[in-house]
Amino acid sequence: MKYTTKTDNAYVAGKLALRRIALDGKTSARVLDCYSGDGLMWGTLKAEGACKIDLTRIEVKKTAKGVYLQGDNLKFMAGMDLSAFDVIDLDAYGAPIEQLDMVMASAFRGWVVVTYITNILGGRNKRLFAEFGMDDRIVKTCPSVLSHYAEAAIFNFLQRRGVDRVHLFAPEGPQNKGFVKLYFTFRK
Ligand SMILES: C[S@@+](CC[C@H](N)C(=O)[O-])C[C@H]1O[C@@H](n2cnc3c(N)ncnc32)[C@H](O)[C@@H]1O
């Protein structure tokens, strides 16, 4: 059994609203979009014109629209000065824990926007759950239990890194059965 729903931009309105929060009333912002896809989110916000957006896009696919750095975001991010940005966007299909960890450990100061999605057969990021007090034995013998703690584990991960407030959008409904879908932004 496998859950494999990959939708580039479900919940467009809610996701755009989070990014408007991250722009924080600025008239200009340097944005690093690490999971850029075809660039719908930041393309839409650029077109709105309320904020001049200097956008750097990363996307692993070779066939996405527009201009972007093509390849794995972790490799690009490791070579960048993340403090040169005002907003970092991690709009993953899954759980961008390594990317989030890199951002939190960096000199970056600004807003981070995250999409965090796991399903009942996923969510096995060892480090995330180890920090939550669930050791390897639980991860190995009963991995599906982890999804029940996914929300608490990700916010524990952030809290341990000094985050005390997030703007969260967590849509519910029958189409999300079996998934944890969290869309959020916070200021680092
Ligand atoms: C949810 S979509 C992003 C949609 C995008 N934010 C937009 O506004 O249209 C996730 C994208 O991340 C890309 N992706 C997945 N893993 C990646 C990685 N390690 N590095 C770079 N891009 C990645 C996928 O190919 C996909 O296009």
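The values are calculated or read from the model by the stated rules, or taken from the named source; none is laboratory data. Owing to the predicted nature of the structure, the values given are computational and were not obtained by experimental measurement. Note: ideal-geometry Cβ built from the backbone for every residue, glycine included; neighbour counts use all protein chains shown.
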Practice item. Kindly indicate whether any position in region 138-156 is surrounded by 20 or more Cβ atoms within 10 Å (Cβ to Cβ) and either assigned to a loop (DSSP other than H, G, I, E, B) or modelled with pLDDT of 90 or more (or both). Key: yes
**Study point:** Yes/no for residue 41 being closer than 21 Å to residue 187 by Cβ, away from the ligand (no atom under 12 Å from the Cβ), within 15 Å of the chain's Cα centre (by Cα) and modelled with pLDDT of 95 or more
**Key:** no
Review point. Limited to region 12-35, what total is found for residues that are of a type in the set (Ser, Thr, Tyr) and under 23 Å from residue 77 (Cβ atoms)?
Key: 2
**Study point:** Selected residue (criterion: farthest from the chain's Cα centre (by Cα)) from residues of region 167-188 that are farther than 14 Å from residue 89 by Cα and of a type in the set (Lys, Arg)
**Key:** 177
Review point. Out of all the residues in region 9-26, is one or more farther than 20 Å from residue 115 by Cβ, touching a residue at least 12 places away in the same chain (Cβ under 8 Å), acidic (Asp, Glu) and away from the ligand (no atom under 12 Å from the Cβ)?
Key: no
Exercise for review: Please state which one of 61, 65, 75, 52 is of a type in the set (Lys, Arg), surrounded by fewer than 19 Cβ atoms within 10 Å (Cβ to Cβ) and away from the ligand (no atom under 12 Å from the Cβ).
Suggested key: 52
**Study point:** Subset of region 84-101 that is aliphatic (A, V, I, L, M), crowded, with 20+ Cβ neighbours inside 10 Å and free of Cβ contacts under 8 Å to residues at least 60 places away in the same chain - its residue that is nearest to the ligand (Cβ to nearest atom)
**Key:** 90
Point to revise | Where a residue in region 51-63 is under 12 Å from residue 33 (Cα atoms) and among the polar types (S, T, N, Q) and its partner, wherever it lies, is within 13 Å of the ligand (Cβ to nearest atom) and assigned to a strand (DSSP E or B), with Cβ under 8 Å and at least six apart | key: 56/31; 56/32; 56/33; 56/69
Review point. Is it the case that residue 109 is basic (Lys, Arg) and touching a residue at least 12 places away in the same chain (Cβ under 8 Å)?
Key: yes
